1. Filter the range 64-84 for residues that are open to solvent by 10 Å² or more (accessible area, probe 1.4 Å) and either of a type in the set (Phe, Trp, Tyr) or not in a helix (DSSP H, G or I) (or both) and give the result.
2. Does Ser491 satisfy the criteria of being closer than 23 Å to Trp374 by Cβ, surrounded by fewer than 19 Cβ atoms within 10 Å (Cβ to Cβ) and in contact with a Phe, Trp or Tyr (Cβ under 7 Å, 6 or more places away or on another chain)?
3. Report, ordered by the first and then the second residue, all pairs with beta carbons closer than 7 Å, sequence separation of six or more or different chains, a first member in the range 101-127 that is over 21 Å from Cys323 (Cα atoms) and of a type in the set (A, V, I, L, M, F, W, C), and a second member that is outside any loop (DSSP other than H, G, I, E, B) and open to solvent by less than 30 Å² (accessible area, probe 1.4 Å).
4. Have a look at Ala351, Ala344, Ala338 and point out the one that is at pLDDT below 95, aliphatic (A, V, I, L, M) and either under 27 Å from Asn5 (Cα atoms) or touching a His at 6+ places or on another chain (Cβ under 6 Å) (or both).
5. Only one residue in Leu376, Leu372 is closer than 27 Å to Trp525 by Cβ, touching a Ser or Thr at 6+ places or on another chain (Cβ under 6 Å), open to solvent by less than 10 Å² (accessible area, probe 1.4 Å) and touching a residue at least 24 places away in the same chain (Cβ under 8 Å). Which one?
6. Select from the range 98-144 the residues that are polar (S, T, N, Q) and more than 24 Å from Leu46 (Cα to Cα) and write down the one among them that is farthest from the chain's Cα centre (by Cα).
7. Return a yes/no flag: does the range 99-121 have any residue that is open to solvent by less than 60 Å² (accessible area, probe 1.4 Å), outside any helix (DSSP H, G or I) and touching a helix residue (DSSP H, G or I) at 6+ places or on another chain (Cβ under 6 Å).
8. Which numbered condition in (1) touching a residue at least 40 places away in the same chain (Cβ under 8 Å); (2) closer than 23 Å to Phe306 by Cβ; (3) among the polar types (S, T, N, Q) is the only one that Asn135 fails?
Amino acid sequence: MVIKNPVEKAGEHTLGVLYNNGKVRRRREWRGVRDTLYDYTRWLYLVSILARFVVKPRNVKGMFRYRWMSNYLAVMHGMDKFTIGLRDEPLRITHTAMNFVIADVTKAIDDCFRGDRRLGNDKAFSDRCVLTDENAMTAFMMGFPNVKAILREVPTMFAANIFNQNSTTHYLDVAQEFGIPGDVCPMPEAEAGISIDDDFCVLGRCAVQVNTTCDGSLMGNGVIAKRLEREYGIPTFQLVAPMRHREEDVQEYAAEDIRKAIAFVEEHTGQKWDWTAYFESAKRVNDATRKRLEQLEINSSDYPQFFGSVFSLYNDTNYMGNCGRNADFVKIDKKLLALAEKGAKNKRMAAKEYRHRCIIWGVQPQYCIDMLYWMLQCWGVVPLTDMLSMVNTRMIAEEDTPENREQAYYDMAWLNENMIMRNRTHGGYKVLVDELWEFCEKMHADMVMMWEHMSCKALTGMHGQFEEQARAKGIHLVWVSHDLCDPRVFSRQAIRDQFSSYMRTVMREEPLDPSIEVLPDNDAW
């Protein structure tokens, strides 16, 4: 069913006029007086975040010490790619969520530099820090209010790649020169390359790594752990989540490993687990879960509001990186839901026409490319939700009782097992294939865009099953190949061309905005 925007917006009619052959756009997007003014104030807010960061001498020093810091010069441009064509509530939702993510990452970098032995060298602060894997659920930290979880790889690799698609290429080359194969997933390979290149902050009393999400991740963790332990004296604990995470017979083992991780942190930081703090965090985890489910319910309607890459990025930051420990997320969640409810009530649309409702599945590169918003504006395909956002849906125990203290270990294990990059790629056929069609039915999706990550072996073995079942269910299945954060394998335009080819040859459709079907942005940030 095609839904057309009932309101003709005063703004850019052809978004292609914004692009040139350089690294940035020709000018800012015109969205009408009200929305352009709002967008500009948010641009100034981002400038203020960066200004507050660089006034600290140690942070200026860090900008010259660490190669990956140069990627943050592109923060404003990186933000623009998530707001292309947006107006009204969808624009405000995107800014509210993404601005908070940027502020959170900035705080993470500031913490890294503060404790870094090379820069701030605040030993008292460093002794209260635990390095955690970028792919780790931080649930095991929920009862340590006086200990800081430092997701060290988030600023060095993950967030940097949001703002600069070429941020990892140097580190990939370093890792491969070291002898790591070139066909491994670029994410853990780049993280290993950062450690090999001695381009990481050194801080913390100890570190906790996880076995997520794949063999490539385990490989990268091994390189990083050995350097932390042997050169810097930072002991590392390996938190192991079972592969068959939906089976009851593995939960006792998973809970026991959570107990060991907590004991490890207690031993090395001298801090004791605080049950009051844990259950306060548990309440916030449940609140975030409820709000996420309500957002998905709105996205199941004819007028979805909070979707695209920023929906995934915000959920990633809140669900996994925060995991109830930061009370500020509660206020942001409430504000985002209020905006979404208002937008749905007012029948706000993020594009001039909705032709197809699409679920995004597979391991995705949408952080370094504005693919999902391009799909929306160019072809009228609405990216309702994605695989990484379809995580935990059940409530955990939040009242402090003797029974719930025991249950808490199982709840933390469950959260760890259902982190964003493993709850679909591990656990069997049902979670990866069968539940996709259930989500399509619930969200009234007639299309699935399947990211086919060239270096990821988890989904490629199911290619035939996806094809066969999609055909039987009458769902359009679009395969789009990429190599995650290595743009040298598949460029931005090569990725877009695959989708455009399907829309033209299979769907027999023409783009809503032909000016952005081909963009000169392969060299852009």
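The values are calculated or read from the model by the stated rules, or taken from the named source; none is laboratory data. Quick caveat: nothing in here was measured; it's all calculated off a predicted structure. Here the Cβ positions follow ideal geometry from the backbone for every residue, glycine too, while neighbour counts run over all protein chains shown. Heavy atoms of the whole protein, side chains included, go into the accessibility calculation; ligands, DNA and RNA do not. Shrake-Rupley method; radii C 1.70, N 1.55, O 1.52, S 1.80 Å.
1. The answer is Phe64, Tyr72, Lys81.
2. It is false that Ser491 is closer than 23 Å to Trp374 by Cβ, surrounded by fewer than 19 Cβ atoms within 10 Å (Cβ to Cβ) and in contact with a Phe, Trp or Tyr (Cβ under 7 Å, 6 or more places away or on another chain).
3. Qualifying pairs under 7 Å: Phe113/Asn59; Phe113/Gly62; Leu119/Gly62; Leu119/Phe113; Phe125/Gly115.
4. Ala351
5. On inspection, the qualifying residue turns out to be Leu372.
6. By that ranking, first place goes to Asn121.
7. yes
8. Of the numbered conditions (1) touching a residue at least 40 places away in the same chain (Cβ under 8 Å); (2) closer than 23 Å to Phe306 by Cβ; (3) among the polar types (S, T, N, Q), the odd one out for Asn135 is (2).
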